[in-house]
Amino acid sequence: MATEGLPTTAMKNVEAIALVEQELHGRRSRVERTGEIVARFFGSLRFVAAHALFIAVWIAGNSGLFPLRPFDPYPFPFLSLIVGVEFIFLTTFVLMNQRDQSRRQEHWAHLNLQLSMLTEHEVTMNLQMLQRLCRRFGLGDTAVDEEVEELAKATPVETLVKAIEQSRDESDAAQPSSVGGESR
């Protein structure tokens, strides 16, 4: 079994993640589920083979290779119409599926952010508690290290976000932009 040797805590995490995935999967509407099924089929080798066979039979049948009267002679305008309409529906289903995947990714990103913020808070509290214990038991002035002092303070998330955005803006401004393959 794949879970042998896996720590109990890790197994609990795997089960919790599976439950969240099942909940997200169950929340999808009928249209989203149908769109996913259709998009999955369109992205399969079976669809490619069926499509290639259909087009080959269509072209062969309308080129006089079968004892049938061609109903869509070369350049096969009716086939082009069918493929064009199919493309519209295929694109719609793929976009619906991507929207669903994007929503799922946003959910997980939000969860990761929440867990990271909680972890940062817990680590800060642990550092503060260790500093107090060191002082109480007279283990020397371990808090002299500026980095430890800094890490023992809560991280101002809003300020951190602004600093990241400013850094990105400065980086983007320093990058030469190109339009049509030419630098401006």
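Read-outs throughout are calculated quantities, based only on the coordinates presented, and are distinct from any laboratory measurement. Note that this is a predicted model, so its numbers are computed, not measured. Here the Cβ is made from the backbone with ideal geometry for all residues, glycine too, and neighbour counts use every protein chain on show.
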Could you calculate, for segment 55-100, the ratio of the Cα radius of gyration to the Kirkwood radius, expressed as Rg to Rh? 1.23
Can you work out ³J(HN,Hα) from phi for every residue in segment 41-46, in order, using Karplus 6.51 cos²θ - 1.76 cosθ + 1.60 and θ = phi - 60°, giving whole Hz and x for Gly and Pro? 5, 4, x, 9, 5, 4
Between ALA152 and residues 5 or more places away or on another chain, the pairs with built amide H atoms under 5 Å apart involve none
Ratio Rg/Rh [Cα only; Rh per Kirkwood] for segment 31-78: 1.19
Fully extended, how many nm does the chain gain between LEU113 and LEU95 (0.36 nm per residue separation, minus their Cα-Cα distance)? 3.9 nm
Using only the Cα atoms of segment 24-126, each taken as one equal point scatterer with no solvent, compute I(q) by the Debye sum, divide by I(0), and report log10 of the ratio at q = 0.11, 0.16 Å⁻¹. -0.57, -0.84
Extending each Cα 7 Å along its Cβ direction at ALA50 and GLU21, get the distance between those two points in nm, one decimal. 2.6
What nm distance separates the two modelled labels at LEU81 and THR9, each placed 7 Å from Cα along Cα→Cβ? 6.6
Among GLN105, GLN114, GLN22, which one shows the highest mean-square fluctuation when the chain is modelled as a Gaussian network with alpha-carbon springs under 10 Å? GLN22
For the pair ILE88/THR124, report the inter-label distance in nm, with labels modelled 7 Å from Cα in the Cβ direction. 5.5
So how tilted is helix 8-26 from the main axis of the chain? Cα-based, degrees 0 to 90, rounded to 10. 40
If you consider only alpha-carbon coordinates, what radius of gyration and Dmax does segment 90-173 have, in Å? 20.6, 71
If you bin every alpha carbon distance in the chain into 10 Å steps from zero, what whole percent lands in each bin? 7, 15, 16, 21, 17, 11, 7, 3, 2, 1, 0
Once the Cβ-Cβ distance between ARG28 and ALA60 is put in as r, and R0 is 41 Å, what FRET efficiency do you end up with, to the nearest 0.05? 0.50
